[in-house]
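One structure below.
The values are calculated or read from the model by the stated rules, or taken from the named source; none is laboratory data. Just so you know, these numbers come straight off a predicted model, no measurement behind them. Here Cβ is always computed from backbone atoms with ideal geometry, including for glycine, and neighbour counts include all displayed protein chains. What goes into the accessible areas is simple: the full protein's heavy atoms, side chains included, and nothing from ligands, DNA or RNA. Shrake-Rupley method; radii C 1.70, N 1.55, O 1.52, S 1.80 Å.
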Amino acid sequence: MKIIDEHLINGVIEEARKSPRLRMNYNFHQSLDDKCHRFLNALEIGTEIPIHHHVTKDETFILLKGRVRVNTYDDNGEVIQTVVLSHDEGRIGVDIPKNTWHTVECLEPNSVIFEVKEGPFVTHEKDGILERKNG
């Protein structure tokens with residue numbers, strides 16, 4: 001059994017701070033080939049998560065610490081919906097349907113979300129990342 005506690009969360013946050021990408025995953029699944037991926041994703045302000053989608057996979061984010069914004073987009077890169085996840089504001093998670101363009105923006109240092117999505121992991125092909133037409 002793996003315990004999710006402040007010690008684990010703070011360790012992943014420290015790794016995110018050191019990372020050039022300003023984010024770090026801690027995987028609970030054993031292999032990238034596993035059918036279910038469960039992981040912590042520690043985010044620091046300035047990390048960039050491109051607008052992307054998973055054609056055949058739903059994805060769920062639950063906020064454990066901090067504050068993040070989740071946006072969904074249409075095929076032209078226009079925002080459809082935006083939500084700030086914050087315990088103080090009473091919104092702590094989202095479930096994103098498959099084939100929905102989305103991104104996560106870190107709004108507060110030391111933010112951590114728990115993510116769940118179907119495996120196996122597949123590196124995004126060019127059509128998995130949205131090239132915004134308006135910049």
- [ ] Quick one: pull the percent of accessible area on the chain belonging to carbon and sulfur, 1.4 Å probe, ligands and nucleic acids left out.
- [x] 51
Open item on the list: What does the extension gain come out to for Q81 and R69, with contour length at 0.36 nm per residue minus their alpha carbon separation?
Closed with: 3.3 nm
Task: Linear extension gain, K98 paired with L8, 0.36 nm per residue minus alpha-carbon span - done: 29.4 nm
Task: Nearest-ten-degree value, helix 6-18 long axis tilted from longest Cα axis of the chain - done: 60
Task: Distant-in-sequence amide H partners of E118 (H built 1.01 Å from N, under 5 Å) - done: H37, D58
Open item on the list: So if I take the centroid of the Cα atoms in the range 7-23 and the same for the range 67-91, what is the distance between those two points in Å?
Closed with: 23
TODO: Give the long-range amide H neighbours of N110: residues separated by 5 or more places, or on another chain, with amide H under 5 Å away, using H modelled in the peptide plane at 1.01 Å from N.
DONE: I45
Task: Å² of accessible area per residue within the chain, as computed with a 1.4 Å probe and no ligands counted - done: 60
TODO: May I ask you to order 73-80, 52-59, 35-42 by the average number of other C-beta atoms within 10 Å around their residues, highest value first?
DONE: 35-42, 52-59, 73-80
